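Novice: This is the structure I want to talk about, given as structure tokens.
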Amino acid sequence: MHIRSQHIHTWLCALVLAGTCASAVRAQTSVMIWPLDPVIEEDQRAAAMWLENRGAQTVSLQIRVLAWTQANGEESYDNQDGIIPSPPSAVIQPGQRQLVRLMKASAIPDAKELAYRILVDELPSAAAAAGQDESNGAAAGNSMGIKLQIRYSVPLFVSGKGHWMKPRADRKREPATAAQPVLSWRTLREGPDNYLVIRNTGNAHARLTAVQWVRGNETQPINPGLLGYVLANTQMRWRLERPPPMGFVPQVRVNASDKPVELATQ
């Protein structure tokens, strides 16, 4: 299965896709997911993700992992067999939680980072599905498709030997050896639309937040929240609501850094 970004965006819960800075998220549902930024390094066989039901009703969840790539300014998601969720589905009672292990099934090339999206589908209850079928004039037993209530998407990054981005309590690391994104920017005009194009020539992903135009002490907002991700050795683009102001450059926070940085021009 290959899914282009415009299709998956209609499915995903916006709050989870945005990758909020909280350590856990509970959107307009009863399900809480944490952590929101799991990683698997070269010496690790799996990462842990918790699903918690904070509602009053039992929830049924399906868990899948898709390969995540970017090309030509678009995001793509494909079936893969390098990361296996265990269990792939769960029924969670109110007040209970489920541990999901994201198992690494194949080696990652040295000094490389691969990106994935963990999709957690919350499935409707049998009663809700039956009620929906009846309201449409169809018998519940004749329903051939599964109607999703909501879908969460959580990024997962898997590293090869020599590649790391986060500190670990069990390892002494020199910050200078951490993998880093290397970002540059330009603008692009296509017909009536203006785009901000950001290229990443580094070997690590960049999560871009608090993006604004700056010139000296002047600022103009682009996106105060999450703009998006630029994966390693790729580029992405975002449509601007208005033409870029003359003499301004983009300033962003990268990977939740406390200090915003101005991007270099391509």
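Novice: Can you tell me which lysines have their Cα less than 30 Å from the Cα of Lys259? Leave out same-chain residues fewer than eight positions away.
Specialist: Counting by Cα, and skipping residues close in sequence, Lys259 has these lysines nearby: Lys112, Lys161, Lys166, Lys172.
Novice: Show me the trypsin sites (Lys or Arg not before Pro) within region 33-102 that DSSP assigns to loop and that have at most 11 other Cβ atoms within 10 Å of their Cβ.
Specialist: Arg45
Novice: From the square roots a ≥ b ≥ c of the eigenvalues of the alpha-carbon gyration tensor of region 37-85, which class results: rounded (a/c under 1.5), prolate (a/b over b/c), or oblate?
Specialist: Because a/c hits 1.5 or more and a/b fails to exceed b/c, region 37-85 counts as oblate.
Novice: For Gly95, what charge total do you get from the other residues with a beta carbon under 12 Å from its beta carbon, if Lys and Arg give +1 and Asp and Glu give -1?
Specialist: +1
Novice: Can I ask one more? Counting other Cβ atoms within 10 Å, keep those with at most 12, restrict to DSSP loop, and tell me which GluC sites (Glu not before Pro) in region 166-266 are left. Let's see the in-between values first.
Specialist: Working: sites: Glu190, Glu218, Glu241, Glu262; in loops: Glu241.
Filter output for region 166-266: Glu241.
Novice: Select from region 166-263 those trypsin sites (Lys or Arg not before Pro) which occupy a DSSP coil region and have at most 13 other Cβ atoms within 10 Å, ordered by residue number. Spell out each step's value before the answer.
Specialist: Values: sites: Arg168, Arg171, Lys172, Arg173, Arg186, Arg189, Arg199, Arg207, Arg215, Arg237, Arg239, Arg253; in loops: Lys172, Arg173.
Sites meeting the loop and neighbour criteria: Lys172, Arg173.
Novice: Place a point 7 Å from the Cα of Asp193 along the Cα-to-Cβ direction; which residues of region 235-266 have their backbone N under 13 Å from it?
Specialist: Of the residues in region 235-266, 237-242 have backbone N under 13 Å from the label point off Asp193.
Novice: Additional query: Is the C-alpha gyration tensor of region 144-248 telling us rounded, prolate or oblate? Criteria: a/c under 1.5 is rounded; beyond that, a/b larger than b/c is prolate, otherwise oblate.
Specialist: oblate
Novice: Follow-up. So if I take the centroid of the Cα atoms in region 77-97 and the same for region 157-192, what is the distance between those two points in Å?
Specialist: For region 77-97 versus region 157-192, the Cα centre distance is 27 Å.
Read-outs: derived from the displayed coordinates by stated rules, not from any lab. Because the structure is predicted, anything quoted here is derived from the model rather than measured. We place every Cβ from the backbone using ideal geometry, glycine too, and count neighbours over all the protein chains shown.
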